[in-house]
Amino acid sequence: MDLSTIENFILNPAFHDYLAILKGARNGFVYGVKVRFPHALVMSILFGRGDVTSRLKIIYRATKQHAFNLAKFVSLYKALLLLQKKVNGGKERSADTFIAGLVGGFLVFGERTAVNEQIVLYVIARVVASFIPRAGSPYSASPQSPRATSAVKPIPPNAQYFSVLAAISWGAVMWLFKERGETIQPGMFNSMTYLYRDSEVWRNLKTLIWHNT
């Protein structure tokens with residue numbers, strides 16, 4: 001099979017929806033690596049315990065899980081959308097995205113792991129924030145941004161409502177940290193401990209300025 005045959009195949013509209021599933025898996029994997037690796041690396045440096053080898057294993061496992069889960073979710077989501085479209089005679093319904101996301105989220109992210117918990121909490125935060133009343137104009141975007149050519153222009157939250165949400169969120173999380181710390185996600189708990197508890201303790205100038213006791 002020569003190159004022109006392969007290109008004709010991948011550019012054939014009849015195969016587009018199927019190849020989009022493969023491309024979705026690829027993009028999900030790459031994005032997962034880009035997001036998780038630097039995060040896991042920084043968290044390991046700041047809060048990790050053990051020798052270098054054990055820390056590298058933790059970074060690898062977290063990055064692998066994030067990347068593969070996103071790859072599985074994107075490909076499954078696209079496959080379920082395509083299946084529903086086929087079942088409904090080639091027509092797309094508004095509920096199709098919800099159903100595909102529901103099933104994909106349960107199958108891929110339903111297992112409670114530290115990585116899955118972080119991802120789900122991130123998604124929850126975005127869903128809740130989407131209900132804040134919107135401002136009058138869209139976010140500014142550079143010509144290179146995907147938003148610049150998109151038909152849908154994301155609009156930022158109304159500034160006053162956002163201020164209220166920020167105040168409530170920070171008040172709630174600080175109260176939880178003090179009174180119900182066991183309910184906070186471990187990554188955030190470690191960060192808050194470093195910021196608010198470790199900063200209360202030092203023995204000398206070195207442990208005040210340079211590093212914790």
query: If you go through segment 11-45, how many residues are open to solvent by 90 Å² or more (accessible area, probe 1.4 Å), assigned to a helix (DSSP H, G or I) and of a type in the set (A, V, I, L, M)?
result: 2
task: From 48, 28, grab the single residue that is among the small types (Gly, Ala, Ser) and more than 20 Å from residue 110 (Cα to Cα).
output: 48
field: Any hit, segment 104-115, residues being of a type in the set (Phe, Trp, Tyr) and open to solvent by less than 40 Å² (accessible area, probe 1.4 Å)
entry: yes
query: Among the residues of segment 130-139 satisfying the criterion of being surrounded by fewer than 13 Cβ atoms within 10 Å (Cβ to Cβ) and in contact with a helix residue (DSSP H, G or I) (Cβ under 9 Å, 6 or more places away or on another chain), which is modelled with the highest pLDDT?
result: 133
task: Pull up segment 167-191, narrow it to residues that are open to solvent by 80 Å² or more (accessible area, probe 1.4 Å) and of a type outside the set (A, V, I, L, M, F, W, C), then point me to the one that is nearest to residue 48 (Cα to Cα).
output: 182
- prompt: Quick one: in segment 46-88, which of the residues that are hydroxyl-bearing (Ser, Thr, Tyr) and under 15 Å from residue 25 (Cα atoms) is least open to solvent (accessible area, probe 1.4 Å)?
  reply: 75
message: Checking the conditions here, which among 212, 204 is of a type in the set (S, T, N, Q), surrounded by fewer than 10 Cβ atoms within 10 Å (Cβ to Cβ) and over 25 Å from residue 118 (Cα atoms)?
response: 204
query: For segment 64-86, does any single residue satisfy the condition of being assigned to a helix (DSSP H, G or I), more than 18 Å from residue 123 (Cα to Cα) and of a type in the set (Val, Ile, Thr)?
result: no
- line: Of the listed residues (152, 164, 120), the one being open to solvent by 70 Å² or more (accessible area, probe 1.4 Å) and within 30 Å of residue 107 (Cβ to Cβ) is 152
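The values are calculated or read from the model by the stated rules, or taken from the named source; none is laboratory data. The shown structure was predicted, so the numbers you read here are calculated from the model rather than taken from an experiment. Neighbour counts are summed over all protein chains in view; Cβ atoms, including those assigned to glycine, are modelled from backbone coordinates with ideal geometry. Only protein heavy atoms, including side chains, enter the accessible area calculation; ligands, DNA and RNA are left aside. Shrake-Rupley method; radii C 1.70, N 1.55, O 1.52, S 1.80 Å.
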